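Take a look at the structure set out below.
The values are calculated or read from the model by the stated rules, or taken from the named source; none is laboratory data. Keep in mind that this is a model prediction, so the values were computed, not measured. Here the Cβ positions follow ideal geometry from the backbone for every residue, glycine too, while neighbour counts run over all protein chains shown. Calculation scope for accessible area: heavy atoms of the full protein, side chains included, ligands and nucleic acids excluded. Shrake-Rupley method; radii C 1.70, N 1.55, O 1.52, S 1.80 Å.
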Amino acid sequence: MPDIKVTPLGAGQDVGRSCILVSIGGKNIMLDCGMHMGYNDDRRFPDFSYITQNGRLTEFLDCVIISHFHLDHCGALPYMSEMVGYDGPIYMTHPTKAICPILLEDFRKITVDKKGETNFFTSQMIKDCMKKVVPLNLHQTVQVDEELEIKAYYAGHVLGAAMFQIKVGSESVVYTGDYNMTPDRHLGAAWIDKCRPDILISESTYATTIRDSKRCRERDFLKKVHETVERGGKVLIPVFALGRAQELCILLETFWERMNLKAPIYFSTGLTEKANHYYKLFITWTNQKIRKTFVQRNMFEFKHIKAFDRSYADNPGPMVVFATPGMLHAGQSLQIFKKWAGNEKNMVIMPGYCVQGTVGHKILNGQKKLEMEGRATLDVKLQVEYMSFSAHADAKGIMQLIRMAEPRNMLLVHGEAKKMEFLKDKIEQEFSISCYMPANGETTTVVTNPSVPVDISLNLLKREMALGGPLPDAKRPRTMHGTLIMKDNSLRLVSPEQALKELGLSEHQLRFTCRVQLHDPHSDTDTLGRIYSHLKSVLKSYSIQHVPDGTVIVESIVIKVTSSAEEPNLKIILLSWSYQDEELGSFLSTLLKKGLPS
């Protein structure tokens with residue numbers, strides 16, 4: 001039996017370093033190629049030696065697909081393609097292709113130029129890697145080769161994020177990447193059609209969470225920011241450059257305007273100007289409201305939010321600062337945090353998920369003393385708040401996607417083992433499908449039951465409908481009679497007349513005959529009349545005719561009666577039918593062998 005194999009090299013029972021290998025129909029696909037925010041050693045990147053111990057990856061992979069530009073999904077791409085070696089196609093959407101190199105370069109600067117790490121990719125490697133990228137549009141079916149095709153669906157989450165359907169023949173897998181099932185201030189909700197894949201590979205970051213209403217969270221967020229600013233404190237909001245940043249900026253901008261507040265709001269520069277430039281460029285990926293507003297004004301040009309300068313962190317008085325990155329593991333957000341951590345008037349609001357090992361994760365777990373570089377300890381006195389503005393699907397959203405796509409099997413990645421376990425049980429209970437959650441390096445094998453797709457001619461369908469059968473239903477198998485034509489690798493089921501016409505053949509009538517012996521003292525005509533009455537009572541939904549020439553006709557079946565010359569009471573019943581009515585013909589011969597009712 002054919003099967004599909006799925007092996008996570010990263011994100012198996014873990015968040016970070018997403019990289020999943022799929023083998024389907026003899027093809028090998030790598031889904032995402034991310035890095036882990038919680039590590040600074042070799043564990044930062046996926047273990048590509050799983051694919052091959054030595055040599056390049058090109059001959060082992062048919063293609064690489066990147067779901068979106070977050071570094072835990074694309075951060076290892078230049079390392080994989082330029083340092084390990086891969087020359088095949090890398091697929092991603094247009095916004096991902098535009099933003100990915102900017103984030104990779106920014107990450108390289110922090111790691112190499114500031115921390116002085118060696119054995120890391122260079123700027124040139126990022127450029128060479130991006131040359132291998134093939135950008136694609138939503139809902140565009142791309143033929144990677146003769147057998148393998150991929151298609152992207154809108155995933156919400158961040159600008160350009162996509163879910164991917166991978167198809168070889170009749171086998172298919174859907175990979176969600178990160179997605180969000182609730183629309184927000186600047187992006188729409190994820191959507192996929194009822195594609196019934198063999199496996200749906202879904203992220204499960206918030207596997208056990210059902211978030212409260214978005215309005216409550218926003219009200220809470222604004223209240224906390226407002227209270228801190230009113231008492232003269234400073235608010236730090238660590239964000240990633242694209243996504244939540246824009247979401248929360250729009251929220252604060254409208255609140256400041258409404259409340260006529262004067263405290264300054266800053267945004268760490270560099271990335272954000274570029275980010276907003278890309279939002280303008282890819283406005284079609286945002287939601288309806290922003291597209292409409294865009295005609296009058298650009299929602300991403302802010303009146304109250306100014307560019308941040310490093311020296312502002314020491315300014316007296318209240319302020320709100322958005323700084324990157326979002327998990328406080330490096331960069332400007334960490335520098336500001338160190339300066340403000342000692343004052344209980346200040347506050348840090350963590351709006352998204354934090355990976356284990358990062359400063360963000362430590363303070364959310366209540367750590368009050370942090371060990372920084374050079375053995376210095378930092379006392380955390382400022383208030384720490386966590387508010388999920390994360391653009392990941394929660395448990396409800398994941399269940400919603402399963403209802404949408406109707407997969408035959410489910411596989412969870414990008415989540416914590418305990419939470420996955422809970423969701424796995426819930427999915428298996430509610431949908432009666434198998435759910436898997438492999439660890440890194442562990443292979444899940446799912447046996448598939450491939451079906452052969454056949455196009456049916458309209459005439460044949462109309463004929464079926466005219467016979468009064470039930471309407472075609474995808475979930476209920478149904479027998480149909482016709483002629484199967486195979487041409488140019490496609491199969492069509494057509495009516496026999498159409499097949500003969502197309503192939504230029506003349507028709508030969510094939511009829512089956514059967515003799516049934518019956519003891520009956522009546523005349524031949526009376527016996528035929530009794531057969532007619534008997535069939536009328538048994539086959540109520542069929543048209544049965546008694547023809548004057550001494551035959552009874554049911555559909556294409558002809559029934560005649562003759563007597564034996566030697567034994568007048570022995571009647572010989574002749575049945576003849578065409579192949580279309582074979583089932584009915586067999587049924588009638590069995591029925592008449594049992595005799596007629598007296």
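Can you tell me which residue within region 27-41, out of those that are open to solvent by 10 Å² or more (accessible area, probe 1.4 Å) and at pLDDT 95 or above, is farthest from THR118 (Cα to Cα)?
LYS27
How many residues are assigned to a strand (DSSP E or B) and open to solvent by 10 Å² or more (accessible area, probe 1.4 Å) when one looks only at region 10-23? Don't jump to the end; show me each part of the working.
Here is the first cut: in region 10-23, the ones assigned to a strand (DSSP E or B) are 10, 19-23.
Then keep just the ones that are open to solvent by 10 Å² or more (accessible area, probe 1.4 Å); that gives 21, 23.
Final tally of qualifying residues: 2.
Which condition breaks for LYS151 when tested against (1) surrounded by fewer than 16 Cβ atoms within 10 Å (Cβ to Cβ); (2) free of Cβ contacts under 8 Å to residues at least 40 places away in the same chain?
Every listed condition holds for LYS151 apart from (1).
Which condition number in (1) in a helix (DSSP H, G or I); (2) at pLDDT 95 or above; (3) not acidic (Asp, Glu) is the one that PRO438 fails?
Of the numbered conditions (1) in a helix (DSSP H, G or I); (2) at pLDDT 95 or above; (3) not acidic (Asp, Glu), the odd one out for PRO438 is (1).
Among the residues of region 232-263, what is the count of those that are in contact with a Pro (Cβ under 8 Å, 6 or more places away or on another chain), basic (Lys, Arg) and at pLDDT below 95?
Qualifying residue count, region 232-263: 1.
What pairs can you find where one residue is in region 310-329 and at pLDDT below 95 and among the β-branched types (Val, Ile, Thr), the other is part of a loop (DSSP other than H, G, I, E, B) and open to solvent by less than 30 Å² (accessible area, probe 1.4 Å), and their Cβ atoms are less than 7 Å apart, with a gap of 6+ or different chains?
Between residues of region 310-329 that are at pLDDT below 95 and among the β-branched types (Val, Ile, Thr) and residues that are part of a loop (DSSP other than H, G, I, E, B) and open to solvent by less than 30 Å² (accessible area, probe 1.4 Å), the close pairs are THR324/VAL239; THR324/ALA241.
What residue, of LYS419, LYS426, is part of a helix (DSSP H, G or I), at pLDDT below 95 and either surrounded by 13 or more Cβ atoms within 10 Å (Cβ to Cβ) or touching an Asp or Glu at 6+ places or on another chain (Cβ under 8 Å) (or both)? Quick ask: steps written out before the conclusion?
Details: LYS426 fails: at pLDDT below 95.
Criteria check complete, one pass: LYS419.
On the given criteria, is PHE60 in contact with a helix residue (DSSP H, G or I) (Cβ under 9 Å, 6 or more places away or on another chain), at negative phi and not aliphatic (A, V, I, L, M)?
It is false that PHE60 is in contact with a helix residue (DSSP H, G or I) (Cβ under 9 Å, 6 or more places away or on another chain), at negative phi and not aliphatic (A, V, I, L, M).
When you go through THR324, THR358 one by one, which is the residue that is among the polar types (S, T, N, Q) and touching a helix residue (DSSP H, G or I) at 6+ places or on another chain (Cβ under 8 Å)?
Details: THR358 fails: touching a helix residue (DSSP H, G or I) at 6+ places or on another chain (Cβ under 8 Å).
When all the criteria are applied, what remains is THR324.
Among the residues in region 324-340, are any part of a strand (DSSP E or B) and crowded, with 18+ Cβ neighbours inside 10 Å? Quick ask: steps written out before the conclusion?
Taking region 324-340 first, the residues part of a strand (DSSP E or B) are none.
The answer is no; no qualifying residue exists.
Kindly establish whether VAL144 is at negative phi, within 20 Å of the chain's Cα centre (by Cα) and open to solvent by less than 40 Å² (accessible area, probe 1.4 Å). Spell out how you get there, then give the answer.
Details: at negative phi: yes; within 20 Å of the chain's Cα centre (by Cα): yes; open to solvent by less than 40 Å² (accessible area, probe 1.4 Å): yes.
So VAL144 fits the description; yes.
Find all pairs meeting these conditions: Cβ atoms under 6 angstrom apart; at least six residues apart or on different chains; first residue within region 182-207 and more than 18 Å from GLU406 (Cα to Cα); second residue open to solvent by 30 Å² or more (accessible area, probe 1.4 Å) and of a type in the set (A, V, I, L, M).
THR182/ALA189; PRO183/ALA189
I'd like the full set of residues that are modelled with pLDDT under 90, open to solvent by less than 60 Å² (accessible area, probe 1.4 Å) and farther than 15 Å from GLU416 by Cα, limited to region 194-212.
ARG211
Return the pairs, sorted by first residue and then second, in which the second residue is part of a helix (DSSP H, G or I), the first residue lies in region 85-97 and is open to solvent by less than 10 Å² (accessible area, probe 1.4 Å), the beta carbons are less than 6 Å apart, and the residues are 6+ apart or on different chains.
Hits for this filter: TYR86/THR58; TYR86/MET80; PRO95/TRP285.
How about region 388-428: which of its residues are without any contact (Cβ under 8 Å) to a residue 40 or more places away in the chain and touching a helix residue (DSSP H, G or I) at 6+ places or on another chain (Cβ under 6 Å)?
Scanning region 388-428 gives no hits.
Among the candidates LYS132, LYS167, which residue alone is touching a Gly at 6+ places or on another chain (Cβ under 9 Å), open to solvent by 50 Å² or more (accessible area, probe 1.4 Å) and either of a type in the set (D, E, K, R) or under 30 Å from LYS418 (Cβ atoms) (or both)?
None of the others qualify; the one that does is LYS167.
Give the residues of region 307-323 that are in a helix (DSSP H, G or I) and either within 16 Å of SER390 (Cβ to Cβ) or polar (S, T, N, Q) (or both), sorted by residue number.
The one that is in a helix (DSSP H, G or I) and either within 16 Å of SER390 (Cβ to Cβ) or polar (S, T, N, Q) (or both): SER311.
Here's the yes/no breakdown for (1) of a type outside the set (Val, Ile, Thr); (2) in contact with a Phe, Trp or Tyr (Cβ under 7 Å, 6 or more places away or on another chain); (3) part of a strand (DSSP E or B); (4) modelled with pLDDT under 95:
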| position | (1), (2), (3), (4) |
| --- | --- |
| THR118 | no, no, no, yes |
| MET125 | yes, no, no, no |
| ASP128 | yes, no, no, no |
| PRO135 | yes, no, yes, no |
| GLU149 | yes, no, yes, no |
| SER172 | yes, no, yes, no |
| ASN180 | yes, no, no, yes |
| PRO183 | yes, no, no, yes |
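At least 3 residues that are open to solvent by 40 Å² or more (accessible area, probe 1.4 Å) and touching a Cys at 6+ places or on another chain (Cβ under 8 Å) in each: list the strands (runs of 3 or more DSSP E) lying fully within region 498-577 that qualify.
none
Against the conditions (1) buried (at least 18 other Cβ atoms within 10 Å of the Cβ); (2) not in a loop (DSSP other than H, G, I, E, B), where does LEU187 fall short? Just the number, please.
Evaluating LEU187 over (1) buried (at least 18 other Cβ atoms within 10 Å of the Cβ); (2) not in a loop (DSSP other than H, G, I, E, B) leaves (2) as the failure.
For region 229-262, give me each residue that is among the β-branched types (Val, Ile, Thr) and surrounded by fewer than 24 Cβ atoms within 10 Å (Cβ to Cβ).
Once the filter is applied, which keeps residues that are among the β-branched types (Val, Ile, Thr) and surrounded by fewer than 24 Cβ atoms within 10 Å (Cβ to Cβ), region 229-262 yields VAL229, ILE250, THR254.
Has region 530-544 got at least one residue that is among the hydrophobic types (A, V, I, L, M, F, W, C), in contact with a Lys or Arg (Cβ under 8 Å, 6 or more places away or on another chain) and at negative phi?
There is at least one residue in region 530-544 that is among the hydrophobic types (A, V, I, L, M, F, W, C), in contact with a Lys or Arg (Cβ under 8 Å, 6 or more places away or on another chain) and at negative phi.
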